[in-house]
Amino acid sequence: MRAPRPYADPHVAGVCLGLVLLACFALTGQGLGASGAFASVASGVVVAVSPATAVHSAYFQSYLQDGSPWTAWIVVEIIGVLVGAATSAALAGRTRLSFAQTGRPAVGRLFAAVAGGMLMGVGAALARGCTSGLALSGGALLSVGAWIFMVALFVAGFLAAPLVRRFWP
Amino acid sequence: MNDLLVAAGIGVAFGWALECVGLGDPPKLAGQFYLRDFTVLKVMLSAMLTAMLGIFWAGRLGMLDLGALYVPETYLLPQLVGGLVFGLGFVLSGLCPGTSCVALASGRIEGAATMLGLFAGVLFIGLAFPAIEPFYRSTPRGPLTLQLVTGLPYGVVVALVTAVGVSTLAWIAKREAAR
């Protein structure tokens, strides 16, 4: 078996990501995103299960007003992310490595991942964006809210890091 | 239809860039908060500076209509509190919403676990929205930018952010070289 290729240089990859973001702005007028896809899918599930619940929440409504939440721009973009990342990992021989070497993560780490995801879902919903949609895309446009969000997330991350150290030996 | 092809293409490139630099690897992302691995900061700063300078110069050269770009609306308190809650979640799972998809796509079960949590988090906000809505809509400031707040010309703010960003990257490189 081929050895996995090492990761790319962060500065080069960062510039490439910046060019993707620039292309996104030029082609669509808006930036990249991620958390919005989760909100869109959640809205789609809620309206399918209980339309009355969706009507009473302006949050779900905001994701249902422009056509089907299942084929929203950001949902299709995230499907693209899954495809692009899977292809990159497979071509570099990194997919097997992650299965073989890290194996099954400890149960505590999995619970931490779910809890962390819930907190990020709440945080991104309140802030109207996540690391890609608000911090990166809004940051590039010098949005004040994006910079507040970015600084707050790093401050909280650094302050909380010593408390959750046991998950990251 | 054309829009969705663009969405898929942009998404593929986005996911590819994140995976090839290792941003689907939770210990690597969490390592940023223990100052062991600076990949997160390096990638975010390089990407933001590239896009910011690209947007500025494309606008200056008349290749891009800056008025047509969507500037996120600022809500001071929700974005401050949202950022704090988000940062806590980030260091717990070692992934963010975009990179959780990358983690899953490269075969990591933590990616799926984080995605499940994200889904639950936004579902909670949506269901509890009538109670949360007053806070969600508090302290609105519209599409506020750093140049509007400071009163400085756009080009000056871009130059200042570039100087701070490049200095930070240089400081990180120097710190790593010293080890």
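Taken together, the values in this text are just the output of simple stated rules run on the coordinates, not laboratory data. Everything numeric here is computed off the predicted structure, so don't read it as measured data. Using ideal geometry, Cβ is built from the backbone for each residue, glycine included, and neighbour counts are taken over all protein chains shown.
Brief remarks follow.
- Helix-derived mean residue ellipticity, 222 nm - over chain A, DSSP H n ≥ 4, -39500 (n - 2.57), to 500: -21500 deg cm²/dmol
- Computed from point charges on the beta carbon alone (+1 for Lys and Arg, -1 for Asp and Glu), the dipole magnitude for the protein assembly as shown about its Cα centre is near 1080 Debye.
- Loop-located trypsin sites (Lys or Arg not before Pro) across region B:13-85 with a Cβ neighbour count of 16 or fewer within 10 Å are B:ARG36, with loop assigned by DSSP.
- Helix-derived mean residue ellipticity, 222 nm - over chain B, DSSP H n ≥ 4, -39500 (n - 2.57), to 500: -23500 deg cm²/dmol
- Taken along its three principal axes, the alpha carbon spread of region A:7-69 comes to 49, 27, 15 Å, from the longest extent down to the shortest.
- Dividing the convex hull volume of the alpha-carbon atoms in chain A by its residue count gives 169 Å³ per residue.
- Low-density loop cleavage sites - trypsin sites (Lys or Arg not before Pro) in region B:112-176, where at most 11 other Cβ are within 10 Å (DSSP): B:ARG137
- Positive-end residue of A:THR131, B:LEU92, A:SER62, charge dipole of the protein assembly as shown with Cβ unit charges: B:LEU92
- For chain B, the membrane-span-like helix rule (DSSP H, alpha carbon extent of at least 24 Å along the helix axis, mean Kyte-Doolittle at least 1.6) picks out B:76-93, B:109-127; this says nothing about an actual membrane.
- Computed over region A:105-169, the P(r) curve from all C-alpha pair distances, binned at 10 Å from the origin, holds 20, 43, 28, 8, 0 percent per bin.
- B:LEU4 paired with B:ALA170, simple spin-label distance in nm, labels 7 Å along Cα-to-beta-carbon: 4.9
- Only one residue of A:LEU119, A:THR95, A:ALA37 has its Cα farthest out toward the positive end of the dipole of region A:1-151, where Lys and Arg carry +1 and Asp and Glu -1 on Cβ, and that residue is A:THR95.
- Spin-label zone in region B:71-102 - amide nitrogen under 12 Å from a point set 7 Å from the Cα of B:PHE124 along the C-beta vector: B:85-86, B:89
- Taking one quarter of the surface of the convex hull spanned by the alpha-carbon atoms of the protein assembly as shown gives a direction-averaged projected area of 17.7 nm².
- Between helix A:35-49 and chain A there is an angle of about 50 degrees, using the helix long axis and the longest principal axis of the Cα atoms.
- Bins of 5 Å from zero: percent of alpha-carbon pairs in chain B: 1, 7, 10, 14, 17, 18, 17, 11, 4, 1, 0
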